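**Q** First, the structure itself, so that you have it in front of you.
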Amino acid sequence: MAASGGRACVRSLRGGVLWRSSPCHYESTATRHFLGTLQKLPLQAGVRNFHTAPVRSLFLLRPVPILLATGGGYAGYRQYEKYRERKLEKLGLEIPPKLASHWEVSLYKSVPTRLLSRACGRLNQVELPYWLRRPVYSLYIWTFGVNMTEAAVEDLHHYRNLSEFFRRKLKPQARPVCGLHCVTSPSDGKILTFGQVKNSEVEQVKGVTYSLESFLGPRANTEDLPFPPASSSDSFRNQLVTREGNELYHCVIYLAPGDYHCFHSPTDWTISHRRHFPGSLMSVNPGMARWIKELFCHNERVVLTGDWKHGFFSLTAVGATNVGSIRIHFDRDLHTNSPRYSKGSYNDLSFVTHANKEGIPMRKGEPLGEFNLGSTIVLIFEAPKDFNFRLKAGQKIRFGEALGSL
C-alpha cells in the first residue's frame, strides 16, 4: 500500500497532460487534523504546550519592546532632523519652520504642566540639609553653566533651598547699566527676535508670528491711559502708536535655566496697568517657539503697560514649564499658577488711583520682578522711526547691556 500510495503521488504524463493523484491531498488533510487534535489535548506535567498562535499575537505579548523601538525610532528621526537643520544653517540656508498641528498642540496642552510646576515650586522651597547643598547646587551649576563668581554670595551653603538659589542676587558691579542708550536689556538671556511690528503681528522666532492683540489683550480702560486712545476702527497696532511718525518695536529675550532669574526696568518709564493671563505652562525654549505658533499667547503671562518719553511701552513676563511663579515686586495682589482658572480669562489691575494720578515710576535698571526659573521677556514699545537695535538674533545678552537707541 505504501508503494502504491507513493506511486500514486508520482507525476506522470497521460495523453500529454501532467496530473497528480489525490492521496497527497488526503495526507496533508490528515496531518492538519492530527496537529489540531494534539493542540486540544490536556497538558501533562513536564510537557510543553504546542503553540500555533499567529505572529501578531506574539507582539501583543511584548508591548515594551514595541514602545522602545517606536520611541527610539522617533527620537532618532528628530535627532537626524536637528542635525540636518544645523548643517543647513552652517551653509547659510534658511530653514522653514515646521509648525505643530492643532491636535499636537492640544495633546501637549493636555499634559498637566501647571500641576507639575506647582509641585516643582513646592519642592524648590524644601530646605536642603546643610551637607547636601553643595553637591545639589554644584550639579545644577555644572549642568547649566552658572557663573557663581557674579553672585553676591558665592558660598553654596548660604542658600537654604533651590528657590533661594534660583533668585540669587548679583554683585553690584557684575551688571553695570549702560547710560548711553535709552533702552537696555531687562535680563540675562538670548535674543530670539527683534524689529518692527508689522500688520499687528509679532515675530515669536524668525518665520513664526503671533497676534499682538491676542498677546496683550484688548485696550485697558481709557481712564488708566496716560494718553488718548486711537479710533476703534484703526488696527490694534495703530491704537498703540500714540504719536505721528512713530513705529512700534518688539524684542524677545529667552532666559535659560542657568541665567540670572531677576528682571529689571529696561528704561525710564511709568507703569499704569497690569494684566494677568492665566494659561498653559508649555516650554518656551527656542525649539518649542519654532514649533508652536502663538506659543506666548497660550502660556500664562503678566503684561505691564505704561508710557515712556516716546509713547507706549510694555514689558511682558511669560511663564513656562516649572516657571509658574512670576513675581512683580510692587504688586502683592498678583498670584500666578493658581489651581483653577477660566480659559481665556484675564485679570486687570490699575496702578492709577485718585491718590496716584500717574502710576508707578520706574528708573532704568531698577529691580522689577523675578522668575523661579528661566522663561521669556517680551518688550513692545513705541519709538521714533530712527530707533535702531544694536543686536543680532541669537546673541547672548546680559542685564544692563544696550538693546537700542536713537
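The values are calculated or read from the model by the stated rules, or taken from the named source; none is laboratory data. Predicted model only: the values in this text are computed from it and were never measured. Cβ atoms come from the backbone with ideal geometry, glycine included; neighbour counts cover every protein chain shown. Only protein heavy atoms, including side chains, enter the accessible area calculation; ligands, DNA and RNA are left aside. Shrake-Rupley method; radii C 1.70, N 1.55, O 1.52, S 1.80 Å.
**Q** Based on the Kirkwood radius over alpha-carbon pairs, what value in µm²/s does the Stokes-Einstein equation return for the translational diffusion coefficient of region 297-406 at 20 °C and 1.002 mPa s?
**A** For these conditions, the coefficient is 133 µm²/s.
**Q** Under a cut-off of 19 Å between alpha-carbon atoms, report the lysines in cross-link reach of residue 309, not counting same-chain residues fewer than 8 places apart.
**A** Qualifying lysines at Cα under 19 Å: 357, 364, 385.
**Q** For residue 110 and residue 393, compute 0.36 nm times the residue count separating them, minus their Cα-Cα distance, and round to one decimal in nm.
**A** 98.7 nm
**Q** A further question follows. Are there any trypsin sites (Lys or Arg not before Pro) in region 94-132 that are in a DSSP loop and have at most 16 other Cβ atoms within 10 Å? List them by number.
**A** In loop regions of region 94-132 (DSSP not H, G, I, E or B), the sparsely surrounded trypsin sites (Lys or Arg not before Pro) are 98.
**Q** Kindly provide the trypsin sites (Lys or Arg not before Pro) of region 311-376 that DSSP labels as loop, not H, G, I, E or B, and whose Cβ sees at most 14 other Cβ atoms within 10 Å.
**A** Listed in order of number, the matching sites are 332, 340, 343, 357, 363.
**Q** Taking region 272-363, which GluC sites (Glu not before Pro) meet the DSSP loop condition and have no more than 14 other C-beta atoms within 10 Å?
**A** Passing both the DSSP loop test and the Cβ count: 358.
**Q** Pull out the extension gain between residue 350 and residue 103, defined as 0.36 nm times the separation in residues minus the alpha carbon to alpha carbon distance; nm, one decimal.
**A** 85.2 nm
**Q** With a 1.4 Å probe and every protein chain left in place, tell me how much accessible area residue 80 has, in Å² to the nearest 10.
**A** 130
**Q** Could you give P(r) for region 128-182, binned at 5 Å from zero, as whole percent values over all Cα-Cα pairs?
**A** 4, 18, 27, 22, 11, 7, 5, 4, 2, 0
**Q** Given a 1.4 Å probe and the protein chains all in place, what does the accessible area of residue 193 round to, in Å² to the nearest 10?
**A** 10
**Q** Separate question: On a C-alpha basis, how far is the centre of region 96-151 from the centre of region 160-202 in Å? Whole number, if you could?
**A** 20
**Q** Here's another thing I want to ask about it. Taking the alpha-carbon distance from residue 87 and a cut-off under 19 Å, which lysines remain once sequence neighbours fewer than 8 residues away in the same chain are dropped?
**A** Cross-link targets: 98, 206.
**Q** Going by amide H atoms built from the backbone, whose H comes under 5 Å of the H on residue 400, apart from near neighbours?
**A** Amide H to amide H, under 5 Å and 5 or more residues apart or across chains, residue 400 pairs with 185, 187.
**Q** Continuing with this model, one more query. What spacing in nm lies between the two simple spin-label points modelled at residue 130 and residue 87, each 7 Å away from Cα in the Cβ direction?
**A** 5.6
**Q** For q = 0.14, 0.27, 0.28 Å⁻¹, what log10 I(q)/I(0) does region 361-406 give under the Debye formula with an equal point scatterer on each alpha carbon and no solvent?
**A** Per q value, in the given order, log10 I(q)/I(0) is -0.47, -1.40, -1.40.
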